[in-house]
Structure formats: structure tokens, C-alpha cells
Amino acid sequence: MRPLPLGLLCAALVAGSVLLDNPLSLAACALVATGLLAASPPPRGAYVWFAAGSALLVFLVNPFVGVQGLTPIWTGPQIPILDTEITQEELAFGAAAAMRLIGSSFAIAAFVRLADGDRVLAAVARVAPRSAMIAALASRLLPTLERDAAGLALAARARAARLDRRRPAAALAAPLVGLSLERSLSLAEAMEARGYGSGPRTRAPSGRLPGWERVLLVLAAGLAGVVAVAAPADSYRYYDLLGDPFTPAGIATAGAILALGAGAVATVRHIGRRE
């Protein structure tokens, strides 16, 4: 998938998770980001475990490090370092922080899983061509290095080498480094033969966005507009007493995020089925 519409959508979700304060708006951003990650191809487990574990840790730790709130729920023994009085406001603030983490982490993970890596590097190359070249080489050469290592290990096992021991396994490092250096020299010669660095760079025409990706771009722009308009007014009081989240502005913002986000997730699923 092209990075422009998807990047705008994920950036809007990250901005909403960071800038908005109302719990309804934060929950809407987290739900849309979760649906977007669910619509992305696997593997997704590492992203889910990292984000969910970090959010749960923040939610559990916040009541014991915060000393604010006027509605106590539980009071524990006196410990000099920790605040053992848990208040309703501390739990609400911890839940909001957890939703911020989930919304932003899932949105970034969805962009990583859905965006075409070659197109992302091509877009970065227009701004930082050398950095994009290094990233492209790393993304291409690391799998090749893994295949070389697997081949060397297979050949060593065929010669009865005990790779479970440190010394025989370390002996494979020298031929692996030699293979990688030889491949890097061949790559440098190929780049020189193709005139890299000898003149102005040319680019292949990218073409217009397909129809469904234009729909996704419109929905992403609408979501970004909602976040930009609502961010200055979407305030919520967590301390010392909780405010009322069910304000007209909060309900309207959350509803708009959910509606536009649901349309974007459905569009991403449709594009994925067509591809």
C-alpha cells in the first residue's frame, strides 16, 4: 500500500492519542488503531504484546506513584517510598495514559505492517537519499546474510561440527564476514557501473493513486482535520476531581473519529483483499 494515505491516517491517530484529553476521544483513537492493526497482515503478536504490556504496566504503576485525587478507593499500609492510597482519579489518569500508548503504538505498528517498504524508502530518498540508500541496503542484505549463515551452518553440520559449542560456532564468523565483504564489493561495483553519484538522479513515474487509496486519503484527511480542530478544545479534568466526559464536544469528537476510522479500516480491508 502506498505510504501517503496510510501515513496520514496513522499520523492522525498518533496525534489524536497524544493531543486529545477526553477519555471518549482517547478510547475512539485506540479502537480505530486496534482495528487498523487487525486489518494488517501477520505477524502482529510482538506489537500487541509490547503495547499491551506497556499500557498495563503504566495503568498498574500510576496509582502508586501519583499522590493526587480526592476520591480514595483503597488505602494500604504506610510505605515511605510509595503512595499506597489509590484514588479514582489516579485510576482514570492511568487508564487514559494506557489508551494513549495503545493508540499510538498500534497506529505505528499498522503503518509498519501495511505500508510498502520500497515506496516508503523511495519517499524518504527524496529528502535524505543517502539515509534511504543505507536503509534499503540493510533491508536487502540482512536476509541475505541470514541465508549465508544458514548455509554455512548446514555445511558445518554435514562435516560433523558441534555448533552447540562456542568455539566451533565462532569459527563460522570469519567465512561469514568474508562472504559479506565480497558481496559488498560486488554491490559497489554494480552501483558504480550504473552511474551512482555521477550526476542528477532520475525517478520512475509513480502514477496516480488507485481509486480506493484516494478514498482512504480523503478519510485520513478528514480524521486529521477532526483531530486538529478538536485538540485545542478537547480538554478534560483528571485531578483533583474527575470531570464529565459526556460533553457535547467530547461525544461529537469521539463519534467523528469512530465514523471516519471505521470507514478507513473497512477501506484498508478492501484494499488488502484486492491485493
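The values are calculated or read from the model by the stated rules, or taken from the named source; none is laboratory data. Computed from a predicted structure; not experimentally measured. Virtual Cβ from ideal backbone geometry, glycine too; neighbours counted across all protein chains shown.
Quick notes on this one:
- Options Thr247, Thr202; residue that is among the β-branched types (Val, Ile, Thr) and either in contact with a Ser or Thr (Cβ under 6 Å, 6 or more places away or on another chain) or at pLDDT 85 or above (or both): Thr247
- Residue match in region 257-274 (condition: among the hydrophobic types (A, V, I, L, M, F, W, C), touching a Cys at 6+ places or on another chain (Cβ under 9 Å) and assigned by TED's automatic domain parsing to the domain that holds Pro72): yes
- Of note, Ala30 does not satisfy the criterion of being under 25 Å from the mean Cα position of the chain (by Cα), farther than 28 Å from Asp244 by Cα and in the same structural domain as Asp244 (by TED's automatic domain parsing).
- Qualifying residue in region 45-63 (condition: in contact with a strand residue (DSSP E or B) (Cβ under 6 Å, 6 or more places away or on another chain) and either over 26 Å from Leu217 (Cα atoms) or in a helix (DSSP H, G or I) (or both)): yes
- For first residues located in region 251-274 and under 15 Å from Gly16 (Cβ atoms), partners that are surrounded by fewer than 24 Cβ atoms within 10 Å (Cβ to Cβ) and of a type in the set (Asp, Glu) and lie 6+ apart or on another chain with Cβ distances below 9 Å form the pairs Thr253/Asp234.
- Count - residues of region 170-198 that are modelled with pLDDT under 75, at negative phi and not aromatic (Phe, Trp, Tyr): 1
- Residue among Leu163, Leu141, Leu145 that is modelled with pLDDT under 75 and under 28 Å from the mean Cα position of the chain (by Cα): Leu141
- Verdict on Ile81 being aliphatic (A, V, I, L, M), modelled with pLDDT under 95, assigned by TED's automatic domain parsing to the domain that holds Tyr236 and crowded, with 16+ Cβ neighbours inside 10 Å: no
Conditions tested, residue by residue: (1) of a type in the set (Ser, Thr, Tyr); (2) closer than 15 Å to Val227 by Cα; (3) crowded, with 24+ Cβ neighbours inside 10 Å.
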| position | (1), (2), (3) |
| --- | --- |
| Arg2 | no, no, no |
| Ala27 | no, yes, no |
| Val32 | no, yes, yes |
| Leu36 | no, no, yes |
| Ala39 | no, no, no |
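- Look at region 53-78: where a residue is on the phi > 0 side of the Ramachandran plot and assigned by TED's automatic domain parsing to the domain that holds Arg237 and a partner is in a strand (DSSP E or B) and surrounded by 13 or more Cβ atoms within 10 Å (Cβ to Cβ), sitting 6+ places away or on another chain with Cβ atoms under 9 Å, you get Gly69/Glu85; Gly69/Ile86; Gly69/Thr87.
- Residues satisfying the stated conditions in region 43-92, i.e. of a type in the set (Phe, Trp, Tyr) and more than 23 Å from the chain's Cα centre (by Cα): Phe64, Trp74
- Leu187 vs. criteria in contact (Cβ under 8 Å) with a residue 24 or more places away in the chain, surrounded by 13 or more Cβ atoms within 10 Å (Cβ to Cβ) and touching a Leu at 6+ places or on another chain (Cβ under 6 Å): no
- Only a single item in (1) free of Cβ contacts under 8 Å to residues at least 60 places away in the same chain; (2) out of contact with any Gly (no Cβ under 7 Å at 6 or more places or on another chain) is not met by Ala123, and it is number (1).
- For region 226-257, the set of residues classified as of a type in the set (A, V, I, L, M, F, W, C) and not in a helix (DSSP H, G or I) consists of Ala231, Ala233, Leu241, Leu242, Phe246, listed by residue number.
- Only one entry in Leu216, Leu223, Leu260 is in contact with a Ser or Thr (Cβ under 6 Å, 6 or more places away or on another chain), part of a helix (DSSP H, G or I), among the hydrophobic types (A, V, I, L, M, F, W, C) and surrounded by 15 or more Cβ atoms within 10 Å (Cβ to Cβ), namely Leu216.
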